[in-house]
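Asker: Right, I'll just put the structure down here and ask away after.
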Amino acid sequence: MAQTRIAVIVGSLRKDSFNRKLALALAHLAPSDFTFEHLRIDDLPLYNQDEDGNQAPAVKRLKSEVAAAQGLLFVTPEYNRSIPGVLKNALDNASRPYGQSAWAGKPAGVIGVSVGAIGTALAQQHLRNVLAYLDVPTMGQPEAFIQNKEGLFDDKGHIAESGKQFLQGWVDKYVAWVKRHND
């Protein structure tokens, strides 16, 4: 059975990131023919258009990893009601030079977790706006604005039973979205 490679981009650099934990847990809900590869974004230089003709090795690596994937999974926190700068920087670096975006045409899912009552709703909306410009077909429904509460994860780091049905439904729709865009 052929593997479907998913590039996972977590918008948090924090060691104990809730969003990294969510990304790892979601992979356990996906079918066995889906492989999730977490991409590194913490070593990217700040985007500078002057460097478009001579991109840094870290940027070339990111672009290569995105190009090799059949789908994208963005798992982002919300910073000041938007996406984290490190995530925007990754999007900008891998979309340049103009006309050579690694993101274009890759089906994506957007999700995130936060301690706030509305989860990462505003960050997700801002990210969707950027992805629309970058020609990334992004799954619209179901939306998932996850609040990190006691019991979201079990002691092994997987989604606990209380949230498993909802998140399994999200993952199932995401898998179908990726497959539909790769047929």
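Asker: Looking at Q168, Q141 in this structure, which one is surrounded by fewer than 12 Cβ atoms within 10 Å (Cβ to Cβ), at pLDDT 95 or above and either under 24 Å from F34 (Cα atoms) or touching a helix residue (DSSP H, G or I) at 6+ places or on another chain (Cβ under 6 Å) (or both)?
Answerer: Q141
Residues checked against (1) under 20 Å from N148 (Cβ atoms); (2) more than 17 Å from the chain's Cα centre (by Cα); (3) of a type in the set (G, A, S):
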| residue | (1), (2), (3) |
| --- | --- |
| F34 | no, no, no |
| P45 | no, yes, no |
| L72 | no, no, no |
| I83 | yes, no, no |
| A104 | no, no, yes |
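Asker: Name the one entry in G116, G112, G99 that is within 12 Å of the chain's Cα centre (by Cα) and of a type outside the set (K, R).
Answerer: So the residue among G116, G112, G99 that is within 12 Å of the chain's Cα centre (by Cα) and of a type outside the set (K, R) is G112.
Asker: A further question on this structure: Among the listed residues D135, D92, D42, D52, which satisfies the condition of being modelled with pLDDT of 95 or more and touching a Leu at 6+ places or on another chain (Cβ under 8 Å)?
Answerer: D42
Asker: Could you list, ordered by first residue, the pairs with Cβ atoms under 6 Å in which the first is in region 50-63 and at negative phi and the second is assigned to a helix (DSSP H, G or I), at least 6 apart or interchain?
Answerer: Pairs found: V59/N93; L62/A94; K63/A94.
Asker: Restricting the search to region 24-78, which residues are closer than 24 Å to I111 by Cβ, loosely packed, with under 13 Cβ neighbours inside 10 Å and of a type in the set (S, T, Y)?
Answerer: Within region 24-78, just S32 meets the criteria.
Asker: Another one. Which residues, counting only those in region 2-23, are part of a loop (DSSP other than H, G, I, E, B) and either polar (S, T, N, Q) or under 16 Å from G71 (Cβ atoms) (or both)?
Answerer: A2, Q3, S12, S17
Asker: Scan region 1-23 residue by residue and report those that are buried (at least 18 other Cβ atoms within 10 Å of the Cβ) and hydrophobic (A, V, I, L, M, F, W, C).
Answerer: Selection gives I6, A7, V8, I9, V10, F18, L22, A23.
Asker: Can you pull out the residues in region 101-124 that are surrounded by fewer than 16 Cβ atoms within 10 Å (Cβ to Cβ) and more than 22 Å from R180 (Cα to Cα)?
Answerer: Across region 101-124, the qualifying residues are V115, G116, A117, I118.
The values are calculated or read from the model by the stated rules, or taken from the named source; none is laboratory data. Here the structure is a predicted model, which is why all the values come from computation and not from measurement. Methodologically, a virtual Cβ is constructed for each residue, glycine included, from the backbone with ideal geometry; neighbour enumeration extends over all protein chains shown.
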